[in-house]
Each structure stands twice: as C-alpha cells, then as structure tokens.
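Here's the structure we're looking at; comments come further down.
The values are calculated or read from the model by the stated rules, or taken from the named source; none is laboratory data. This structure is a prediction, so every number in the text was calculated from the model and none was measured. Don't worry about glycine lacking a Cβ; one is built from the backbone with ideal geometry, like all the others, and counts go over all protein chains shown.
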Amino acid sequence: MFVKFPPILLVSIFVFAACSGKIEAPEIGPEKDKVQREIDATGKLGDGDGLLNELIRGRSGDGGVGTGIGVNAYLWQASLDTLSFMPLANADSFGGIIITDWYTPDPSTQTRYKVNVYIVGRELRSDTLRVVSFKQKYAGNNWLDVGDNKVVNNQLENAILTRARQMRINANAVVE
C-alpha cells in the first residue's frame, strides 16, 4: 500500500536533500587576489609603475597573460585617487564599484558625506562612470539626509574623468 504525498512535499524533500552538501567559497584567481591585497594594504591600486600598468596592458606580474580588471583601469585608479581622502568601505575592481564609508571633514559642522562610484565599462568615456553622493546632517539623535546631490555628483564625475584622461595621456607619453 502506497502513501500519497502532496507533490510540493516531494519537491521540498528533494530540494533540501540537494542543499545538504558542503558549500565552499569560490576560489579567487591570482589577479583578483593580487588586486584586492593591493587595495587592502594601500587603499589604492598601484603606483603608476606597478600593478596598474600591468592591468592596463593585460599582463600578470609573473609574465603570463592575465585577465586584467573588469572595468577601465584609468577610471578605476582615478576614482581611487579622487576619493583617497575618504575611508573606503568596499572596492571591487572587477565589478567596478567603489563605496566609501561616511566621512566628516569637520566634526563641528555635524555633517557627513558618503560616495558610491560605479564604473560600468572598459572604455574611458563619461557614460561608463556614475557617481552617487550622500550628505547627512546630525539633528537631535539622528542623521538626516540633506538635499539633492546632483551638483556634487557632477563635480566628482568631472574630477575623476579629468584625472583618468591625464593618466592615459601620461601612459601614452611614456610608451611612445
């Protein structure tokens, strides 16, 4: 005699059985690991003669062919340079995301700032860069969002683009 189980129960049993295996973290390739260690140690990617130039040219440090970074290296480094005065919360060179932690330039003003940078392509173009900034003021016992940041976002984008163009010009002058 067979016991009839609802189909949803059978599916649930198979799903749970399939999920019972050991879950392992994905391995980080040597290029990504090297990039992340550099960012963790210095808050920046390269010094102009080392890792950044290797990634721009698409070579790894061991002479083999590397994958480079997933976004435009000039925009990436220019973003890190431009935001170097702010503490980094997260930087992912393959995803093209830089997130700063809150920064308070003058504690007496009780104002703080945070910036997210998104680099969405490998070309050095303005449409591959997006900056979103946040400003908060301390009122009472809470931090409150303040106003529209479009002007600040545009200023930061322009500063990053200008720095990236300078870096590309300097790199081309060295190569020629």
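Any residue at all in segment 137-152 that's modelled with pLDDT of 95 or more and of a type in the set (D, E, K, R)?
Looking for residues that are modelled with pLDDT of 95 or more and of a type in the set (D, E, K, R), one finds none in segment 137-152, hence no.
N153 is checked against (1) under 16 Å from the mean Cα position of the chain (by Cα); (2) more than 19 Å from A73 (Cα to Cα) and fails just one. What number does that condition carry?
(1)
Collect the residues in segment 69-83 that are polar (S, T, N, Q) and either in a loop (DSSP other than H, G, I, E, B) or free of Cβ contacts under 8 Å to residues at least 12 places away in the same chain (or both), keeping them in residue-number order. Spell out how you get there, then give the answer.
Within segment 69-83, the subset polar (S, T, N, Q) is 72, 77, 79, 82.
Of everything in segment 69-83, just one residue is polar (S, T, N, Q) and either in a loop (DSSP other than H, G, I, E, B) or free of Cβ contacts under 8 Å to residues at least 12 places away in the same chain (or both), namely N72.
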